[in-house]
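Enquirer: Here it is, the structure, as structure tokens.
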Ligand SMILES: [Zn+2]
């Protein structure tokens with residue numbers, strides 16, 4: 001057994017371990033959605049089974065709606081990596097990773113999205129995952145990742161209870177003192193590099209891929225409306 005670090009006081013454990021039967025397995029509480037940036041399900045499955053890639057996912061969904069389950073939901077896939085959402089920095093430990101086969105720039109097929117919704121429905125029911133906890137890899141790791149791409153139909157998913165949506169911005173008046181930085185943080189974004197958080201927010205909620213560092217007045221309305229749903 002490894003020796004405890006010297007500056008940590010020894011723990012006064014009792015002599016015998018006492019077991020309990022009052023337990024079950026831990027439940028994933030987030031779903032992270034990805035695109036594969038690959039050209040076929042076959043290629044993706046190969047990537048996720050090669051040891052040197054050090055990446056995997058629980059599910060891969062092909063363009064024609066086939067669902068490849070690759071890892072038991074209770075186990076920890078290597079999919080989300082380094083990032084931050086709310087105060088979670090080890091997303092792999094508490095999430096399910098779903099990869100959509102997609103070359104990174106193309107729209108997603110209806111069959112693929114329908115299959116995804118069926119998988120999400122089953123996961124939500126089985127693990128009691130809250131509506132707010134269905135997010136994209138680019139939301140969790142805005143500095144490194146941009147998936148799923150800008151074509152991903154987040155509004156359609158939100159209408160089915162997976163992730164929040166802002167609704168309608170008609171007539172919305174954004175208060176002058178509204179703080180975009182705090183709103184992004186309350187929604188869950190890591191704002192240590194706020195321009196990257198803005199890019200990720202805009203991709204997800206405005207359907208626009210742009211590196212502009214400032215939100216447009218309409219985007220500001222979307223953010224304001226969305227933020228009120230997280231309060
Ligand atoms: Zn990803």
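The values are calculated or read from the model by the stated rules, or taken from the named source; none is laboratory data. Remember, it's a predicted structure, so these values are computed and weren't measured experimentally. Neighbour counts run over all protein chains shown; Cβ positions are idealised from the backbone, glycine included.
Enquirer: Run residue 163 past the list (1) surrounded by 15 or more Cβ atoms within 10 Å (Cβ to Cβ); (2) part of a helix (DSSP H, G or I) and report the number of the one that doesn't hold.
Expert: Among (1) surrounded by 15 or more Cβ atoms within 10 Å (Cβ to Cβ); (2) part of a helix (DSSP H, G or I), residue 163 violates only (2).
Enquirer: Another question, then. For region 18-28, indicate whether the set of residues that are surrounded by 15 or more Cβ atoms within 10 Å (Cβ to Cβ) and either at pLDDT 90 or above or in a loop (DSSP other than H, G, I, E, B) (or both) is non-empty.
Expert: Yes; the residues of region 18-28 include at least one that is surrounded by 15 or more Cβ atoms within 10 Å (Cβ to Cβ) and either at pLDDT 90 or above or in a loop (DSSP other than H, G, I, E, B) (or both).
Enquirer: Identify all residues within region 49-58 that are touching a residue at least 40 places away in the same chain (Cβ under 8 Å) and either within 11 Å of the ligand (Cβ to nearest atom) or crowded, with 22+ Cβ neighbours inside 10 Å (or both); write none if there are none.
Expert: The answer is 57, 58.
Enquirer: Could you tell me how many of the residues in region 36-59 are more than 30 Å from residue 191 (Cα to Cα) and touching a helix residue (DSSP H, G or I) at 6+ places or on another chain (Cβ under 7 Å)?
Expert: The qualifying residues number 1.
Enquirer: I would also like to ask the following. Determine whether residue 92 is in a helix (DSSP H, G or I) and within 16 Å of the ligand (Cβ to nearest atom).
Expert: Against the criterion (in a helix (DSSP H, G or I) and within 16 Å of the ligand (Cβ to nearest atom)), residue 92 qualifies.
Enquirer: Going through 53, 44, 49 one at a time, which residue ends up being assigned by TED's automatic domain parsing to the domain that holds residue 117 and under 15 Å from residue 98 (Cβ atoms)?
Expert: Sole residue among the options that is assigned by TED's automatic domain parsing to the domain that holds residue 117 and under 15 Å from residue 98 (Cβ atoms): 44.
Enquirer: Which residue out of 201, 178, 162, 152 is within 16 Å of the ligand (Cβ to nearest atom) and modelled with pLDDT of 95 or more?
Expert: 152
Enquirer: Now a separate question. Would you check which residues across region 176-191 are free of Cβ contacts under 8 Å to residues at least 24 places away in the same chain and either outside any helix (DSSP H, G or I) or closer than 24 Å to residue 106 by Cβ (or both) and list them?
Expert: Listed by number, the residues that qualify are 176, 177, 179, 191.
Enquirer: Okay, moving on. Please pick out the residue among 141, 115, 77 that is crowded, with 19+ Cβ neighbours inside 10 Å, within 16 Å of the ligand (Cβ to nearest atom) and touching a residue at least 40 places away in the same chain (Cβ under 8 Å).
Expert: 141 is the lone residue from the list that is crowded, with 19+ Cβ neighbours inside 10 Å, within 16 Å of the ligand (Cβ to nearest atom) and touching a residue at least 40 places away in the same chain (Cβ under 8 Å).
Enquirer: Mind counting the residues in region 144-166 that are more than 16 Å from the chain's Cα centre (by Cα) and touching a residue at least 60 places away in the same chain (Cβ under 8 Å)?
Expert: So the answer is 1.
Enquirer: Looking only at region 19-38, which residues are more than 16 Å from the ligand (Cβ to nearest atom) and either in the same structural domain as residue 121 (by TED's automatic domain parsing) or touching a residue at least 40 places away in the same chain (Cβ under 8 Å) (or both)?
Expert: Those that are more than 16 Å from the ligand (Cβ to nearest atom) and either in the same structural domain as residue 121 (by TED's automatic domain parsing) or touching a residue at least 40 places away in the same chain (Cβ under 8 Å) (or both): 25, 26, 27, 28, 29.
Enquirer: Has region 119-135 got at least one residue that is touching a residue at least 60 places away in the same chain (Cβ under 8 Å), within 16 Å of the ligand (Cβ to nearest atom), assigned by TED's automatic domain parsing to the domain that holds residue 61 and not in a helix (DSSP H, G or I)?
Expert: So far as region 119-135 goes, yes, one or more of its residues are touching a residue at least 60 places away in the same chain (Cβ under 8 Å), within 16 Å of the ligand (Cβ to nearest atom), assigned by TED's automatic domain parsing to the domain that holds residue 61 and not in a helix (DSSP H, G or I).
Enquirer: Need the failing condition index for residue 83 against (1) in contact with a strand residue (DSSP E or B) (Cβ under 8 Å, 6 or more places away or on another chain); (2) buried (at least 16 other Cβ atoms within 10 Å of the Cβ), just the number.
Expert: Answer for residue 83: the failing condition is (1).
Enquirer: Right, here's the next one. Return only the number of the condition from (1) within 21 Å of residue 149 (Cβ to Cβ); (2) crowded, with 18+ Cβ neighbours inside 10 Å that residue 67 does not satisfy.
Expert: Here residue 67 meets the rest and fails (2).
Enquirer: Hey, another quick one. Which members of region 99-112 meet the condition of being part of a helix (DSSP H, G or I) and buried (at least 17 other Cβ atoms within 10 Å of the Cβ)?
Expert: 112
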